[in-house]
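The values are calculated or read from the model by the stated rules, or taken from the named source; none is laboratory data. Just so it is clear, the structure is predicted and the values come from calculations on it, not from any experiment. Using ideal geometry, Cβ is built from the backbone for each residue, glycine included, and neighbour counts are taken over all protein chains shown. SASA here: full protein model, heavy atoms, side chains in, ligands and nucleic acids out. Shrake-Rupley method; radii C 1.70, N 1.55, O 1.52, S 1.80 Å.
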Amino acid sequence: MNDFIGPVPLPALDAVAPDIYRGYYGMPMFVIVPTRDLEASKDFWIRGLGFIDLFSVPGQLVHLRRWAFQDVLLVPADEVAETASSSVSFACVVSQIDEVVRRCEELMPGSTTEPRVMPWNSLELTVTTPENTRVVMTAARPLDPDSAEAANLRAMGIEVPQ
């Protein structure tokens with residue numbers, strides 16, 4: 001049994017996001033994002049999506065991070081996909097969604113979708129970055145065990161505590 005507790009807070013409308021984790025660890029998962037313009041991509045991910053530049057190797061690599069285990073490596077590429085063929089999701093809290101929309105739209109108008117409540121009880125925002133990466137910011141919502149959402153989850157085979 002592992003007693004590890006991850007950085008994602010319990011679902012609540014007033015949940016507080018954890019601090020950005022600046023330590024080093026063996027990364028269990030990370031995303032590599034090719035880009036034609038490292039600096040423009042880095043600026044969007046930092047100012048729009050709330051990542052930090054953990055470290056950079058000029059012209060070769062930018063290692064970005066938000067919470068622990070939310071790592072992105074930007075790498076130079078001569079070509080990038082014209083449209084996103086896959087997506088990557090990052091946990092956030094409900095209170096961050098509107099701010100991410102505002103910042104991303106200021107940097108790149110039309111880069112965000114309307115946030116949506118999903119059948120699995122999260123609020124999700126999709127952002128298309130300058131290099132055409134589809135990023136889904138997903139915030140867990142509190143769940144009333146007697147609600148229609150809880151009944152939906154049970155119908156999907158997901159156990160909902162009473």
Among the residues of the range 110-119, which ones are among the hydrophobic types (A, V, I, L, M, F, W, C) and part of a strand (DSSP E or B)?
-> VAL117
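Within the range 4-19, track down each residue that is in contact with a strand residue (DSSP E or B) (Cβ under 9 Å, 6 or more places away or on another chain) and either among the hydroxyl-bearing types (Ser, Thr, Tyr) or modelled with pLDDT of 90 or more (or both).
Across the range 4-19, the qualifying residues are ALA15, ALA17.
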Those residues of the range 60-91 that are of a type in the set (Gly, Ala, Ser) and modelled with pLDDT of 95 or more come to a total of 2
Would you mind stating whether LEU143 is part of a loop (DSSP other than H, G, I, E, B), within 25 Å of PRO7 (Cα to Cα) and of a type in the set (A, V, I, L, M, F, W, C)?
-> yes
Kindly indicate the residue of the range 120-133 that is at pLDDT 90 or above and in a loop (DSSP other than H, G, I, E, B) and also surrounded by the fewest Cβ atoms within 10 Å (Cβ to Cβ) among those meeting that condition.
-> ASN132
Kindly check whether there is at least one residue in the range 80-89 that is over 15 Å from the mean Cα position of the chain (by Cα) and within 23 Å of PRO18 (Cα to Cα).
-> no
Give, as residue ranges, the strands (runs of 3 or more DSSP E) completely inside the range 1-106 that count at least 3 residues that are among the β-branched types (Val, Ile, Thr).
-> 31-35
Which residues, counting only those in the range 23-53, are out of contact with any strand residue (DSSP E or B) (no Cβ under 9 Å at 6 or more places or on another chain), open to solvent by 30 Å² or more (accessible area, probe 1.4 Å) and of a type outside the set (Asp, Glu)?
-> TYR25, GLY26, PRO28, ALA40, ARG47
Would you please list the contacts, defined by Cβ atoms under 8 Å and residues six or more apart or on different chains, that run from a residue in the range 14-37 that is closer than 30 Å to THR83 by Cα to a residue that is among the charged types (D, E, K, R) and not in a loop (DSSP other than H, G, I, E, B)?
-> ILE20/ARG65; MET27/ASP71; MET29/ASP71; PHE30/ASP71; VAL31/ASP71
Give the residue, chosen from SER89, SER56, that is among the polar types (S, T, N, Q) and either touching a helix residue (DSSP H, G or I) at 6+ places or on another chain (Cβ under 9 Å) or crowded, with 17+ Cβ neighbours inside 10 Å (or both).
-> SER56
Would you tally the residues in the range 59-72 being open to solvent by 20 Å² or more (accessible area, probe 1.4 Å) and either closer than 19 Å to THR128 by Cβ or of a type in the set (Phe, Trp, Tyr) (or both)?
-> 1
Just one listed residue, out of VAL80, VAL94, VAL136, VAL117, is farther than 15 Å from ILE46 by Cα, surrounded by fewer than 14 Cβ atoms within 10 Å (Cβ to Cβ) and among the hydrophobic types (A, V, I, L, M, F, W, C), and it is VAL117
Return a yes/no flag: does the range 139-158 have any residue that is among the β-branched types (Val, Ile, Thr) and either open to solvent by less than 40 Å² (accessible area, probe 1.4 Å) or modelled with pLDDT of 95 or more (or both).
-> no
